[in-house]
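The values are calculated or read from the model by the stated rules, or taken from the named source; none is laboratory data. Keep in mind that this is a model prediction, so the values were computed, not measured. Virtual Cβ from ideal backbone geometry, glycine too; neighbours counted across all protein chains shown. Just the protein is used for accessible areas: all its heavy atoms, side chains included, with ligands, DNA and RNA removed. Shrake-Rupley method; radii C 1.70, N 1.55, O 1.52, S 1.80 Å.
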Amino acid sequence: MKTDTLIARLAQNPAPLATPSAIFTKGLGGGIVVAFVLTGALLGFRHDFLHAMAGWAYWAKFAYTLALAIAGFVIVERLARPGTDTGHRLLLVAAALVLAAAGALGQWLSAPEAQHAKLFFGGSWRVCVPLIVLVSLPIFVGVIAALRQLAPTRPVAAGAAAGLLAGAAGAFVYGFHCNESALVFVSIWYSAGIAAMTALGAITGRWLLRW
Amino acid sequence: MRTSHERAENELKALMVAALAGDGAAYHRLLKALTPHLRAYFARRLHVGAEAEDLVQETLIAIHTKRASYDCSQPFTAWLHAIARYKLIDHFRKSGSRKTVALEEADAVTAESDSEAAEAARDVEQLLATLPEAKRALLRQVKLDGLSTAEAAAATGMSESAVKVGVHRSLQALIKRIGGKA
């Protein structure tokens with residue numbers, strides 16, 4: 001085809017079909033809904049939900065996973081657009097990690113030694129990482145689908161950021177099932193689940209995000 | 001250089017913003033304006049002309065299908081360049097060559113083609129400005145506007161041989177000025 005013919009054809013549809021916010025709302029929002037349904041159907045939500053909400057420790061894991069999810073989202077949003085850089089957004093991830101680690105360290109040091117094993121392993125450390133990955137997967141699929149409609153020019157980085165976002169949002173959802181709330185536990189095993197998703201995104205991004 | 005880049009940025013960005021709002025004419029003008037830049041960008045980096053034209057078309061299609069990803073608060077030329085560069089790297093990957101693409105300024109696409117020609121034209125104008133008025137007019141007629149010696153002679157009322165000598169001396173003067181050897 002002649003280039004001029006091509007241009008004339010393309011120019012007939014100037015306005016894009018969907019805005020990035022609509023694309024992300026659909027992909028991310030849809031993924032989170034599926035993750036909630038999956039958690040409810042497969043794992044069940046913890047029954048002492050209302051009781052647990054009274055303790056501050058209950059909120060800590062949600063604050064942590066939500067902060068990482070927000071950091072992941074603002075990074076994904078930048079990496080979805082050619083010619084932009086992530087600026088200081090990586091610092092948000094670092095801040096969330098450092099704050100959680102500091103809280104965990106404080107908890108560890110102030111607890112009697114007899115409780116250390118309980119703080120570290122909780123009652124569910126074996127299943128924590130695989131279940132977070134499982135709950136995160138629908139969110140990951142949604143975010144990748146959104147990114148594929150946009151234009152990530154750094155597919156490995158964008159894939160990793162998508163994994164971080166999906167892992168953190170998935171861990172947030174998983175938090176409604178899991179009855180662990182010790183910061184030591186959360187900052188180790190939740191973080192490991194989120195890291196696994198980040199690695200999965202980095203590894204698969206090269207193929208999933210090609211355009 | 002900087003100012004021509006800023007001008008390109010402002011013009012192209014205004015067209016893009018209008019296009020995203022649904023202005024088909026602006027979008028058509030934008031794609032038309034980008035094509036020579038892209039052509040020069042790829043032609044310089046590939047050595048097969050047909051491949052360059054394929055990449056121009058592929059990039060135009062990518063600009064089209066990915067146009068939602070442009071954030072109007074960000075520079076348009078950086079967005080354009082990132083897409084062109086991505087397509088170039090993709091082309092090297094597909095063709096199996098191990099070529100790497102050097103890091104470039106974000107305005108590498110728009111800095112080529114038209115603005116290079118524009119800069120060359122500006123250099124010529126600056127050089128011409130150093131000549132006296134009459135000689136400048138004569139040189140412009142013969143060398144830039146493409147008049148024949150006879151036409152220039154008729155237009156200026158000089159003899160043909162005087163035109164030839166005048167043009168020759170003016171060129172000599174300019175060559176001396178830019179430090180070349182006649």
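Conditions first: (1) within 14 Å of chain B (Cβ to nearest Cβ); (2) at pLDDT below 95. A:GLY123 passes all but one, so which condition is the exception? Failed condition: (1).
A search for C-beta distances below 7 Å between a residue of region B:163-182 that is at pLDDT below 85 and any residue that is surrounded by fewer than 15 Cβ atoms within 10 Å (Cβ to Cβ) and small (Gly, Ala, Ser), counting only pairs 6+ apart in sequence or on different chains, returns B:GLN172/B:ALA182; B:ILE175/B:ALA182. Taking region B:54-83 as the range and being of a type in the set (Asp, Glu) and within 7 Å of chain A (Cβ to nearest Cβ) as the test, only B:ASP71 passes. Applying the set (1) within 24 Å of A:MET1 (Cβ to Cβ); (2) more than 7 Å from chain A (Cβ to nearest Cβ) to B:GLU11 leaves exactly one unmet item: (1).
Set side by side, the residues A:LEU200, A:LEU164, A:LEU137 differ, and just one is within 12 Å of A:ALA69 (Cβ to Cβ) and either in a helix (DSSP H, G or I) or at pLDDT 95 or above (or both), which is A:LEU164.
For region A:142-154, the set of residues classified as assigned to a helix (DSSP H, G or I) and either within 9 Å of chain B (Cβ to nearest Cβ) or crowded, with 21+ Cβ neighbours inside 10 Å (or both) consists of A:GLY142, A:VAL143, A:ILE144, A:ALA146, A:LEU147, A:GLN149, listed by residue number. In region B:91-118, of all residues being acidic (Asp, Glu) and surrounded by fewer than 17 Cβ atoms within 10 Å (Cβ to Cβ), the one that is modelled with the highest pLDDT corresponds to B:GLU104.
Tell me yes or no: at least one residue of region A:44-56 is within 30 Å of B:LEU80 (Cα to Cα) and acidic (Asp, Glu). No, because not a single residue in region A:44-56 is within 30 Å of B:LEU80 (Cα to Cα) and acidic (Asp, Glu).
Return yes when B:ALA78 is under 25 Å from A:ARG154 (Cα atoms), touching a residue at least 60 places away in the same chain (Cβ under 8 Å) and out of contact with any His (no Cβ under 9 Å at 6 or more places or on another chain) and no when it is not. No; evaluated as a whole, the condition is false for this residue. When you scan region B:18-38, do you find a residue that is among the hydrophobic types (A, V, I, L, M, F, W, C) and away from chain A (no Cβ under 11 Å), even just one? No, that holds for no residue. Set side by side, the residues A:LEU208, A:LEU150 differ, and just one is closer than 16 Å to A:PHE73 by Cα and out of contact with any Phe, Trp or Tyr (no Cβ under 8 Å at 6 or more places or on another chain), which is A:LEU150. Considering every residue within region B:156-167, establish whether at least one is open to solvent by 80 Å² or more (accessible area, probe 1.4 Å) and under 23 Å from B:GLN126 (Cα atoms). Yes: region B:156-167 contains one or more residues that are open to solvent by 80 Å² or more (accessible area, probe 1.4 Å) and under 23 Å from B:GLN126 (Cα atoms). Listed by position, the helices (runs of 4 or more DSSP H) enclosed by region A:1-99 that each have at least 2 residues that are more than 11 Å from chain B (Cβ to nearest Cβ) are A:30-38, A:49-52, A:56-79.
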